[in-house]
Amino acid sequence: MPNGGGSARGEAQPRERRWLAYLPTCVALGYGIGLSIFPLAVEPLTADSASYLELSPRRTTGYPLFLALLRQLSDGLHVVQLAQVWLFSASLALLGHALVRCLHSPQRATLALLAIAANPFLAKYHFQILTESVFSSLGVAIVALLALCLESPRTARLCALGAAIAAAIAVRPVGWAFVPTPPLLLLLGWRRFGGARLRTLVAPLGVIAALGAVEMGAARALHGDARTSVGPVTFFAKSALIRVPEPAPFSAGHPYRPVWDAVEALAPLRKLIAEAPALGGRIYLLEHYEVALQHFWALPLLEEAARAGGESLDAVRSVIAWARMRRAPAESLWLAAVEWWGLWTPYSAFHPWNAPRINAYLESRQPLPVLSQGAPGPLHARNAALVTVPVMLAALAGTLATMMWGGVRLARGVSLEPAAALALLCALAVHGHLLLVAFTGIGIPRYALATWPMLMVWAIATSALLKRKPRTADLDARIPPN
């Protein structure tokens with residue numbers, strides 16, 4: 001009788017706790033319903049919105065086509081906002097399901113979703129015409145599919161992973177940071193995947209290549225030869241902010257020489273940035289002036305150089321940018337390093353300790369250089385910086401430790417269980433994303449926002465590892481090819 005009673009209790013307890021598996025889905029649904037009923041009061045249009053709504057040839061086609069499709073349903077922006085909210089909610093539901101299977105803990109899966117949903121900065125972008133919301137939704141879906149593939153690399157899951165990565169690239173080029181995840185997935189699951197190894201690599205990469213070709217075809221159909229990218233304007237702006245010690249590579253009569261001389265005349269601006277107090281001050285000025293240099297600065301000179309040289313504006317920008325960066329590689333790397341640090345210390349210039357010092361510095365340097373964006377205004381201290389900076393620095397230290405630990409384990413031939421592999425994949429994806437942004441974009445805080453879900457999954461997966469020993473079945477089980 002005691003044995004029978006114990007067995008009954010053992011069977012009853014899982015039935016009583018079965019409802020826990022639905023908690024993550026409830027969080028995801030609650031997120032969508034809550035933001036649909038109580039939308040955030042933010043201005044939907046920003047300086048970048050027009051280029052997406054007008055299908056600018058500088059933009060990849062993913063997000064502009066997403067907007068065009070939704071605007072067939074309604075001329076207003078409300079339908080776009082609702083779609084962005086529910087796309088993120090659906091990705092959260094998928095992530096919750098994946099984490100329950102990967103971590104074997106509905107409670108931890110629910111905690112991860114609550115931590116993601118609690119970010120007010122992320123919620124704001126669901127109501128704006130920017131790529132942040134859709135790109136973040138795709139990032140969440142990619143992490144979810146990685147978790148499911150770690151559990152069992154079925155063909156459908158691997159193809160869905162490739163489709164999500166391709167969609168992320170079509171929405172924002174920094175999505176290329178996710179492309180290494182399928183090879184890493186194969187490396188981390190090598191022992192367990194057995195006969196599924198080949199498809200683990202081929203299926204997602206094949207889908208990425210196929211959908212990438214579709215995106216290129218769509219762009220050519222929309223824009224023809226007018227298609228370009230933000231690369232030339234971005235690198236031109238970056239190159240204008242570095243000091244080049246060598247003499248001009250163009251002779252006095254060369255069509256590009258006036259542009260080179262105009263960039264060299266920005267020496268006082270470069271000095272203003274270099275002497276700013278605290279790294280946060282330099283990052284703040286870099287962000288402001290890099291944006292100002294991108295599109296309209298020296299436009300008449302660039303147009304004249306393009307006409308005289310028989311080249312496009314982007315070709316002129318690219319030649320100038322490459323000539324400067326090639327002559328000052330250390331300065332170029334330092335600029336990328338500063339912007340990388342800015343992504344890991346968001347809003348550090350607004351920190352109550354930094355803002356007064358930076359304001360005093362800017363006041364002492366009046367009048368400030370005025371470009372197409374105007375002069376940078378005074379900073380108002382934000383208490384949010386008291387939280388964002390230490391949280392992100394703790395995440396930086398933790399993810400680096402995870403990468404070192406995982407690297408040592410793999411070097412010793414030790415297989416990682418799914419929770420450990422997921423934590424390592426998230427850490428690598430975060431660093432890959434931020435490095436790519438630092439080298440190819442601008443280090444503004446919103447560009448780091450897409451890493452928040454990955455960081456929360458990394459934190460929860462790591463906490464799961466600290467609480468329990470690796471499961472032998474997870475380490476040694478072979479997944480049959482299917």
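The values are calculated or read from the model by the stated rules, or taken from the named source; none is laboratory data. Computed from a prediction, not measured in an experiment: that's the story for all the values here. For neighbour counting, all protein chains shown are included, and Cβ atoms are generated from backbone atoms with ideal geometry for every residue, glycine included.
Only one of TRP341, TRP322, TRP334, TRP297 is part of a helix (DSSP H, G or I), among the aromatic types (Phe, Trp, Tyr) and assigned by TED's automatic domain parsing to the domain that holds GLU275. Can you tell me which? Can you show your working first?
On the way: TRP341 fails: assigned by TED's automatic domain parsing to the domain that holds GLU275; TRP334 fails: assigned by TED's automatic domain parsing to the domain that holds GLU275; TRP297 fails: part of a helix (DSSP H, G or I).
That would be TRP322, the only listed residue that is part of a helix (DSSP H, G or I), among the aromatic types (Phe, Trp, Tyr) and assigned by TED's automatic domain parsing to the domain that holds GLU275.
Looking at segment 75-104, I want the residues that are in a helix (DSSP H, G or I) and have a partner that is among the acidic types (Asp, Glu) with Cβ atoms under 6 Å, at least 6 apart or on another chain. Which pairs are those?
Matching pairs, first to second residue: ARG101/GLU151; CYS102/GLU151.
Residue by residue, here is whether (1) among the basic types (Lys, Arg); (2) over 21 Å from the mean Cα position of the chain (by Cα); (3) buried (at least 20 other Cβ atoms within 10 Å of the Cβ) holds:
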| site | (1), (2), (3) |
| --- | --- |
| LEU35 | no, yes, yes |
| PRO39 | no, yes, no |
| ALA68 | no, yes, no |
| GLN72 | no, yes, no |
| HIS78 | no, yes, no |
| TRP86 | no, no, no |
| ALA90 | no, no, no |
| LEU95 | no, no, yes |
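Is there a residue in segment 163-171 that is closer than 22 Å to MET403 by Cα, touching a Leu at 6+ places or on another chain (Cβ under 8 Å) and of a type in the set (Gly, Ala, Ser)?
Scanning segment 163-171 turns up no residue that is closer than 22 Å to MET403 by Cα, touching a Leu at 6+ places or on another chain (Cβ under 8 Å) and of a type in the set (Gly, Ala, Ser).
Test PRO245 against the criterion of being out of contact with any helix residue (DSSP H, G or I) (no Cβ under 9 Å at 6 or more places or on another chain) and closer than 30 Å to SER364 by Cβ, and give yes or no. Give the derivation first.
On the way: out of contact with any helix residue (DSSP H, G or I) (no Cβ under 9 Å at 6 or more places or on another chain): no; closer than 30 Å to SER364 by Cβ: yes.
It is false that PRO245 is out of contact with any helix residue (DSSP H, G or I) (no Cβ under 9 Å at 6 or more places or on another chain) and closer than 30 Å to SER364 by Cβ.
On the basis of being touching a residue at least 12 places away in the same chain (Cβ under 8 Å), in the same structural domain as GLY30 (by TED's automatic domain parsing) and in contact with a Pro (Cβ under 9 Å, 6 or more places away or on another chain), does LEU53 make the cut?
So LEU53 fits the description; yes.
Collect the residues in segment 361-403 that are assigned to a helix (DSSP H, G or I), small (Gly, Ala, Ser) and over 30 Å from PHE296 (Cβ atoms), keeping them in residue-number order.
Let us first name the residues in segment 361-403 that are assigned to a helix (DSSP H, G or I), namely 361-364, 385-403.
Restricting the remaining residues to those that are small (Gly, Ala, Ser) gives 364, 385, 394-395, 397-398, 401.
ALA385, ALA394, ALA395, ALA397, GLY398, ALA401 - these are the residues of segment 361-403 that are assigned to a helix (DSSP H, G or I), small (Gly, Ala, Ser) and over 30 Å from PHE296 (Cβ atoms).
Quick one: in segment 244-274, which of the residues that are in contact (Cβ under 8 Å) with a residue 40 or more places away in the chain and exposed (fewer than 15 other Cβ atoms within 10 Å of the Cβ) is farthest from TYR347 (Cα to Cα)?
The residue in question is GLU246.
Of all residues in segment 213-232 being surrounded by fewer than 20 Cβ atoms within 10 Å (Cβ to Cβ) and in contact with a helix residue (DSSP H, G or I) (Cβ under 6 Å, 6 or more places away or on another chain), which is nearest to TYR63 (Cα to Cα)?
Only one residue fits best here, namely GLU215.
Going residue by residue through segment 158-166, is there one that turns out to be touching an Asp or Glu at 6+ places or on another chain (Cβ under 8 Å) and closer than 18 Å to GLY432 by Cβ? Don't jump to the end; show me each part of the working.
Step one: filter segment 158-166 for residues touching an Asp or Glu at 6+ places or on another chain (Cβ under 8 Å), giving 166.
Applying the additional criterion that residues be closer than 18 Å to GLY432 by Cβ yields 166.
Yes, some residue in segment 158-166 is touching an Asp or Glu at 6+ places or on another chain (Cβ under 8 Å) and closer than 18 Å to GLY432 by Cβ.
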